[in-house]
Amino acid sequence: MTEAATEGAADSGEIRKGRKYDQVLDGARRIFLRDGFDGASVDDIAREAGVSKATLYSYFPDKRLLFTEICNAECRRQADAAEAEISETAPVETILTFAAQRIAGFLLSDFGRNMFRLVVAESSRFPEIGRSFYRNGPGLIHDRLVHHLQHMHDTGLLRIADVDLAADQFAQLCKAHIHEKLIFGLADEITPEDVQRTVRGAVEMFMARYGVGG
């Protein structure tokens with residue numbers, strides 16, 4: 001692709017999908033996780049994805065669009081997979097435990113840890129990256145928690161005056177003892193016992209506040 005053509009594509013600022021779209025995403029995901037945002041070159045992404053630079057630019061005229069789409073797609077994929085496994089007829093503690101495990105699991109995944117660090121590092125220069133990641137990551141989790149908590153309240157399983165706040169509280173409880181240690185490098189490894197302790201504590205505290213009692 002010529003420089004003029006590349007600049008023209010970038011000016012459009014639009015993502016276009018084609019036959020090799022998923023192939024491009026997979027290759028770019030590996031390069032971003034390996035090299036970071038600034039270190040990821042278009043040449044390396046195209047090589048890893050097995051496509052030409054022209055094909056890459058035709059799908060993603062801007063590297064920021066590609067990075068953002070990778071974050072969004074993975075967050076949506078994990079949220080949809082979790083949603084498909086939730087049964088609203090299950091006991092409240094079972095649903096909350098499942099949700100807490102998935103939230104903690106995302107934080108501990110290689111993708112979750114690396115993407116969080118990359119997004120935080122780039123958000124000061126490119127605020128739209130941070131906003132998009134929040135909308136499709138923490139914001140999406142929040143919205144789905146609101147949906148399920150509202151259902152539990154409406155059916156008398158929980159008693160919640162402010163469902164929006166309760167959803168935020170639960171998400172934060174699921175990060176206790178985990179999130180800060182990962183961010184500040186205080187622990188090389190979070191053990192399954194650590195996760196179980198956090199999940200159990202989150203559910204117990206949430207139920208103590210919003211449960212209807214036996």
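Comparing mean-square fluctuations of Glu85, Glu69, Glu122 from a GNM of the chain with C-alpha springs under 10 Å, the top value falls on Glu85.
Once fully extended, how much extra length lies between Lys181 and Arg159, figured as 0.36 nm per residue of separation less the alpha-carbon to alpha-carbon distance?
On the way: separation 22, 0.36 × 22 = 7.92 nm, distance 3.25 nm.
Using 0.36 nm per residue and subtracting the Cα-Cα distance, I get 4.7 nm.
Mind sorting out which of (i) 1.13; (ii) 1.18; (iii) 1.06 is the real Cα Rg over 2.2 N^0.38 Å computed from the coordinates? Computed from these coordinates, Cα Rg over 2.2 N^0.38 Å corresponds to label (ii). Spatially, segment 112-170 and segment 75-105 are offset by 14 Å when compared through their Cα centroids.
Using R₀ = 30 Å, calculate the FRET efficiency as 1/(1 + (r/R₀)^6) where r is the Cβ-Cβ separation of Arg135 and Val212; round to 0.05.
Rounded to the nearest 0.05, the efficiency is 0.35.
P(r) for segment 93-214, from all Cα pairs and a bin width of 5 Å, is 2, 11, 20, 22, 18, 14, 9, 5, 1, 0, 0 %, short bins first.
Counting only residues at least eight positions apart within a chain, or on another chain, there are no lysines with an alpha carbon under 24 Å from that of Lys175.
Restricting to DSSP H runs of at least four residues, report the calculated mean residue ellipticity at 222 nm for the chain, -39500 (n - 2.57) per run over all residues, nearest 500 deg cm²/dmol.
Numbers: 12 runs with 160 residues, N = 214.
That comes out to -24000 deg cm²/dmol.
Fewest neighbouring Cβ atoms within 10 Å first, the residues Arg144, Arg135, Arg29 line up as Arg135, Arg144, Arg29.
As a length-normalised measure over Cα pairs under 8 Å and 6 or more apart, the relative contact order of the chain settles at 19 percent.
Every read-out reported here was derived from the displayed coordinates using simple, explicitly stated rules and does not represent laboratory data. In this text, all values refer to a predicted model and were calculated from it rather than measured experimentally. Virtual Cβ from ideal backbone geometry, glycine too; neighbours counted across all protein chains shown.
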